[in-house]
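Beneath this line is the structure, given in structure tokens, with notes to follow.
The values are calculated or read from the model by the stated rules, or taken from the named source; none is laboratory data. Since this is a predicted model, take the numbers as computed values, not measurements. So basically every Cβ, Gly included, is an ideal-geometry build from the backbone, and we count neighbours across all protein chains shown. Quick note on the areas: whole protein, heavy atoms, side chains included, nothing else; ligands and nucleic acids left out. Shrake-Rupley method; radii C 1.70, N 1.55, O 1.52, S 1.80 Å.
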Amino acid sequence: GAGVSQTPSNKVTEKGKYVELRCDPISGHTALYWYRQSLGQGPEFLIYFQGTGAADDSGLPNDRFFAVRPEGSVSTLKIQRTERGDSAVYLCASSARPSGGLGEQYFGPGTRLTVT
Amino acid sequence: GDSVTQMEGPVTLSEEAFLTINCTYTATGYPSLFWYVQYPGEGLQLLLKATKADDKGSNKGFEATYRKETTSFHLEKGSVQVSDSAVYFCALSVGGNEKLTFGTGTRLTIIP
């Protein structure tokens, strides 16, 4: 079956602009996660959704970052007033249910964001 | 806070060599431990996991044992193949938290 998909695969934007990154999770997966991976680093947690609600947004770095999942499926990560330090690969993952930290997260290929 | 420290890479080995990638952790609670792998051009995927002390996770010939006394979860494989070339990430989650905390990753290249 189809895996997690993310669009666009690459996004180049100018400093100060607004961007939206989209994630389509595996069909039926109720849990959705966003991570950010900077060059040479491991993925860093941003936010976790269970259904439509953000159950844990403790990883969002500041109020320029916001994510939504209005119908409990597709999610959009929104970044306002982008800065060069926001340049990274943004990863989305989903899982069939909240696993209490015991289960498997299925990752998408990522969106590479470059802020010039 | 919670953290994972991984062996610095990159690592280059000949085919059929023995592999060890070291991973140690610091956690405020009792973590579950994971190894994820990223093959070229693909997304991260779970390789193996262990959820309590002395558990051994295994998959595709890879193994890792949860060692609470040394706070370690080292990845091993007895005979690597060219197809094992990838980036390997050690990760943990704590106390029912859905968030994964990752190490920096180790790039492995296997030469025929």
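Summary of computed values
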| item | result |
| --- | --- |
| Test: residue in the range A:62-85 that is closer than 26 Å to residue B:87 by Cα and touching an Asp or Glu at 6+ places or on another chain (Cβ under 6 Å) | no |
| Segments classed as strands (runs of 3 or more DSSP E), wholly inside the range B:42-92, with at least 1 members that are free of Cβ contacts under 8 Å to residues at least 40 places away in the same chain and of a type in the set (Lys, Arg) | B:45-50, B:56-59 |
| The lone exception for residue A:73 - which of (1) open to solvent by 30 Å² or more (accessible area, probe 1.4 Å); (2) within 11 Å of another protein chain (Cβ to nearest Cβ) it fails | (2) |
| Members of the range A:61-92 that are within 20 Å of residue A:40 (Cα to Cα) and within 14 Å of the chain's Cα centre (by Cα) | A:61, A:86, A:87, A:88, A:89, A:90, A:91, A:92 |
| Residue B:50 being open to solvent by less than 50 Å² (accessible area, probe 1.4 Å) and within 14 Å of chain A (Cβ to nearest Cβ) | yes |
| Scan of the range B:72-105 for residues that are surrounded by fewer than 18 Cβ atoms within 10 Å (Cβ to Cβ), more than 13 Å from the chain's Cα centre (by Cα) and not hydrophobic (A, V, I, L, M, F, W, C), ordered by number | B:78, B:79, B:81, B:83, B:85, B:95, B:96 |
| Criterion: within 14 Å of chain A (Cβ to nearest Cβ) and either at positive phi or at pLDDT 95 or above (or both) - qualifying residue of B:9, B:41, B:29, B:61 | B:41 |
| Residues satisfying the stated conditions in the range B:23-41, i.e. surrounded by fewer than 16 Cβ atoms within 10 Å (Cβ to Cβ), touching a residue at least 24 places away in the same chain (Cβ under 8 Å) and in a loop (DSSP other than H, G, I, E, B) | B:28, B:29, B:30, B:39, B:40 |
| Test set (1) within 30 Å of residue A:25 (Cβ to Cβ); (2) aliphatic (A, V, I, L, M); (3) more than 11 Å from the chain's Cα centre (by Cα) - residue B:17 fails condition number | (1) |
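Okay, residues lined up against (1) open to solvent by 30 Å² or more (accessible area, probe 1.4 Å); (2) modelled with pLDDT of 95 or more; (3) more than 11 Å from chain B (Cβ to nearest Cβ):
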site: A:3; (1), (2), (3): yes, no, no
site: A:10; (1), (2), (3): yes, yes, yes
site: A:18; (1), (2), (3): yes, yes, yes
site: A:21; (1), (2), (3): no, yes, yes
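Quick grid of which residues meet (1) over 23 Å from residue A:2 (Cβ atoms); (2) loosely packed, with under 14 Cβ neighbours inside 10 Å; (3) within 14 Å of chain B (Cβ to nearest Cβ):
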{"position": "A:53", "(1), (2), (3)": "yes, yes, yes"}
{"position": "A:61", "(1), (2), (3)": "yes, yes, no"}
{"position": "A:82", "(1), (2), (3)": "yes, no, no"}
{"position": "A:105", "(1), (2), (3)": "no, no, yes"}
{"position": "A:111", "(1), (2), (3)": "no, no, yes"}
{"position": "A:116", "(1), (2), (3)": "yes, yes, no"}
